[in-house]
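K.L.:
Please find one structure pasted underneath; my questions will follow.
The values are calculated or read from the model by the stated rules, or taken from the named source; none is laboratory data. Predicted model only: the values in this text are computed from it and were never measured. Cβ placement follows ideal geometry from the backbone for every residue including glycine, while neighbour counts extend to all protein chains displayed. Each accessible area value is taken on the protein alone, full model and side chains, heavy atoms only, with ligands, DNA and RNA left out. Shrake-Rupley method; radii C 1.70, N 1.55, O 1.52, S 1.80 Å.
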Amino acid sequence: MTAEPTTAHSSRWPVPPQDGYTVDDLFTLPDLPPHTELIDGSLVFVSPQRDFHSTMIDLLMTGLRSTAPPEVKARREMTVVLDRRNAPEPDISVVRTEAVTGLDVTRYQAADVLLAVEVVSPDSEARDHEAKPHKYATAGIPHFWLVEMTGTDQRPVVRVYELDPVTKAYALTGIHHDRLKTGVPFPVDIDISAEALAAL
């Protein structure tokens, strides 16, 4: 009797095309992990998230949905197509209501997005601080929020940015601790204190 050879762990990863993946590939490759993003033609997989990440998204979603006018909708973790080689998944997107055409929608176009929000995780810090804001601005998304934990007491801070139409880059318009109050893209007033976060 001859023993069959055994292999440790064998898995087949897709080999990227020479010029990288496209948005079409992102939506047709089989068995991609949930929340896979496309950045510069490369697939980016999401690591397990911390409780801060999930809870902060919930807190902001509740605040945005309670104040959003009828012409916009807040959506979490939906792909936004920026161009043929970039389709990130903001933690929150505020989109035009007419873009929400049904429950089977899998992506939004950058032109339909008024606000992109990223809640920073350790594995996404460089992308959230540098790559994504630049790409959102280049695609013409008018507003961007960057959300982080700050200090030893781990309190939330939200940095609010607005697109400068001349430079096509984001300009910082406010840094918010405890309360996020802004008039754009619509009037928003959200308790973002550590206590509000802990209450969820």
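K.L.:
If R0 is 22 Å, what FRET efficiency do you get for ASP19 and ALA131 from their C-beta distance, rounded to 0.05?
P.N.:
Values: r = 19 Å, r/R0 = 0.85.
The calculated FRET efficiency here is 0.75.
K.L.:
If you roll a 1.4 angstrom probe over the protein chains with everything in place, what fraction of the accessible area of the chain belongs to carbon and sulfur, to the nearest %?
P.N.:
Details: 5940 of 11300 Å².
Carbon-and-sulfur percentage of accessible area, whole number: 53.
K.L.:
A further question follows. Note down the Stokes-Einstein diffusion coefficient of the chain in µm²/s, whole number, using a Kirkwood radius over alpha carbon pairs, 37 °C, and 0.692 mPa s.
P.N.:
It diffuses with D of about 181 µm²/s by this estimate.
K.L.:
Averaged across orientations, what area in nm² does the convex hull of the alpha carbons in the range 60-155 project?
P.N.:
Mean projected area for the range 60-155: 7.0 nm², to one decimal.
K.L.:
Now, a different point. State, in angstrom, two size descriptors of the range 94-200 derived from its alpha carbons: Rg to one decimal place and Dmax to the nearest whole number.
P.N.:
That works out to 14.8, 44 Å for Rg and Dmax.
K.L.:
At 7 Å along Cα-to-Cβ for each site, give me the label-to-label distance between GLU71 and ARG96 in nm.
P.N.:
1.0 nm
K.L.:
For LYS168, go through the lysines and keep the ones whose alpha-carbon is under 18 Å away, minus same-chain ones fewer than eight residues off.
P.N.:
Straight-line reach from LYS168, under 18 Å: LYS132, LYS135.
K.L.:
Ordered by residue, what ³J(HN,Hα) values in Hz, to whole numbers, does the range 50-59 give under the Karplus form 6.51 cos²θ - 1.76 cosθ + 1.60, where θ = phi - 60° and Gly and Pro are x?
P.N.:
7, 4, 4, 4, 5, 5, 5, 4, 4, 4
K.L.:
Can you give me the accessible area per residue for the chain, using a 1.4 Å probe, in Å²?
P.N.:
57 Å²
K.L.:
Local charge sum around ILE192 (other residues, Cβ-Cβ under 13 Å, Lys/Arg +1, Asp/Glu -1)?
P.N.:
Local net charge: -2.
K.L.:
Okay, next question. With +1 on each Lys and Arg Cβ and -1 on each Asp and Glu Cβ, and nothing else charged, work out how big the dipole of the chain is about its Cα centre, in Debye to the nearest 20.
P.N.:
320 debye
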